[in-house]
Amino acid sequence: VKGGFATFMEKEIHDQPAAVRDTLLGRMSPTGSLQLDELRIDESILRRVDKIVVVACGTAAYAGHVAKYAIEHWCRIPVEVELAHEFRYRDPVVSEKTLVVAITQSGETMDTLMAVRHAREQGAKVLAIVNTHGSTIARESDAVLYTHAGPEVAVASTKAFVAQITATYLLGLYLAQLRGNKYSDEVVTYLDELMKMPDKIAEVIAREDDIKDLAHRMKDVTSVLFLGRHVGFPVALEGALKLKELAYIHAEGFAAGELKHGPIALVEEGQPVFFIVPTPRRPLLHAKVMSNVREVNARGARVLCIAEEGDTAVEEFAADVIRIPETPTLLHPLVSVIPLQIFACALAAEKGLDVDQPRNLAKSVTVE
Ligand code: M6R
């Protein structure tokens, strides 16, 4: 069942190229356009959508944060991302023109289910991005876009996360194509780039021994910070969550730009700080993160960079650099999250912890 791996989590990390490939499969026509026939919401309704609200919890909510950057860019529709349990207990502004997107691996998360019901009561259409066929949220939503990650057994989400991100890209590109705006001509280019992602993810996984070695060297750390900007920000949040839930280490993710507004006070000699460095082909974005790298390095922190191949700027400041292949900015999370998953899994294993079933956690949280 574990495919020759010691744990389900390791297997599921290695399943990720397939999870992305299978989620893309059969959804593109030979002419390069997208066919999401399963979206049973009338096209005229989708054309009228004036706001998207993503509701989800935990890792699925971070997939929603990535979706916001992509969908707003391609579709010019405002996207809000809200934790399902917060959405439910305030008085959210939703109407018939709002598309609520619920993201969930299990399809049984009670907080997300309650948000779905609440949204539908307000007259919004609900599209669910779900991994588990026939689950409650899949049944109760107006439409379902299934992720094809296969069953995820380990409590910590890995392959479901990359599949969720992939599904939100498909949704964004589909809406852009449907609504036709000045960015809709990017659809074909991005579909092409998306098709390359399974191989790129496999490339990162192939370097797992270096990341395991880093985890071995860091097995006694008690606190780790993760910083990212733009789509690197939700990846930083996910890196911190993985480390907390698997290795029980205090970890925090921040938007890199927020550093000077408070978190930099935490930075002292030897403090490990991971940076998710954007592609140097976005010079402004890259320069901003590099200036944070310099600030943290100047305070004696142990800087660890996840950076593209060929990005030599990081070498002067980083104690370790984990390389990822060149990738368009919006698709970066699919490769930049992989080293963080491997790192958290390896560190937990170093500490002799149960990687598949961390303490106090359930795979699906069916109580509010
Ligand atoms: O089944 P869901 O995707 O709705 O679950 C949502 C969260 O409970 C889940 O992602 C949780 O945060 C994971 N343990 C993260 O690894």
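The values are calculated or read from the model by the stated rules, or taken from the named source; none is laboratory data. Note that the coordinates shown come from a computational prediction; the quantities given were computed from them, not determined experimentally. Note that each Cβ is placed from the backbone with ideal geometry, even for glycine, and that neighbours are counted across all protein chains shown. In case anyone asks, the SASA skips ligands and DNA or RNA and just uses the protein heavy atoms, side chains included. Shrake-Rupley method; radii C 1.70, N 1.55, O 1.52, S 1.80 Å.
Numbers below:
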| item | result |
| --- | --- |
| Between helix 232-247 and the chain: long-axis angle, C-alpha atoms, 0 to 90°, nearest 10 | 70 |
| Degrees separating the helix 186-205 axis from the principal Cα axis of the chain, which is the longest one | 40 |
| Per residue, in Å², the accessible surface of region 1-92 once ligands and nucleic acids are set aside, probe 1.4 Å | 46 |
| Cα centroid separation - region 138-208 against region 228-300, whole Å | 25 |
| Dipole magnitude of the chain about its Cα centre (Cβ charges: Lys, Arg +1; Asp, Glu -1), debye to nearest 20 | 560 |
| Relative contact order (%) - region 1-94, alpha-carbon pairs under 8 angstrom, separation at least six | 20 |
| On Cα atoms only, tilt of 333-350 relative to the major axis of the chain in degrees | 50 |
| Computed [θ] at 222 nm, deg cm²/dmol, the chain (DSSP H ≥ 4; -39,500 (n - 2.57); rounded to nearest 500) | -14000 deg cm²/dmol |
| Proximal lysines to LYS196, defined as alpha-carbon separation beneath 21 angstrom and excluding residues fewer than eight positions away on the same chain | LYS159 |
| Accessible-area composition of the chain, carbon plus sulfur, in percent [1.4 Å probe] | 50 |
